[in-house]
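Okay, so here's the structure we're looking at.
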Amino acid sequence: MFPFDEDDEGEVSFGERSDAEREMTPEIPKAPSVTTFDDGGDFEGASDVDSGTLRAFVAAVIYANAAVLLASLGPMVWYFEGWTRIGAGLFVAGLLAGVRTYQTYRAWRRDRDAAETADSGDAATAGDETDADDASPET
């Protein structure tokens, strides 16, 4: 009786994608998983990191945060409050904390380079010994 009562006739789908549109749409990429420290806060995942590297990193972060805080707070105290000695002292302390951050990084880098040199030196020495054994005449 009503011509629009059939399944496919007279219906307009708003908000739904057609089959052709679904076929042409690319797949949504998934983000790769990243290993992080535990969310529990006990830092069990930190055991994967070398203890010297972790110690240097934590020290450098603390020094860098102190450097940013003090080097910016010093001029503000000097300008807004008029405390010239305290402001100058805070600024100098911030500069010294920045220098200490750099020294911490350089010490870590020097230790790491020395360890890599020692490791490669041991491997080269072991390789030289095997070459010397191979070169000797057998009796």
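Since every read-out is calculated from the coordinates, none of them should be taken as a lab result. All of these numbers come straight from a predicted model, not from anything done at the bench. We place every Cβ from the backbone using ideal geometry, glycine too, and count neighbours over all the protein chains shown.
Descriptive notes on the structure:
- Net charge of Cβ neighbours under 15 Å - reference R112; Lys, Arg +1; Asp, Glu -1: -1
- Rounded to whole Hz, the Karplus (6.51, -1.76, 1.60) HN-Hα couplings of region 63-79, x for glycine and proline: 4, 5, 5, 5, 5, 5, 4, 6, 5, 8, 6, x, x, 5, 5, 4, 6
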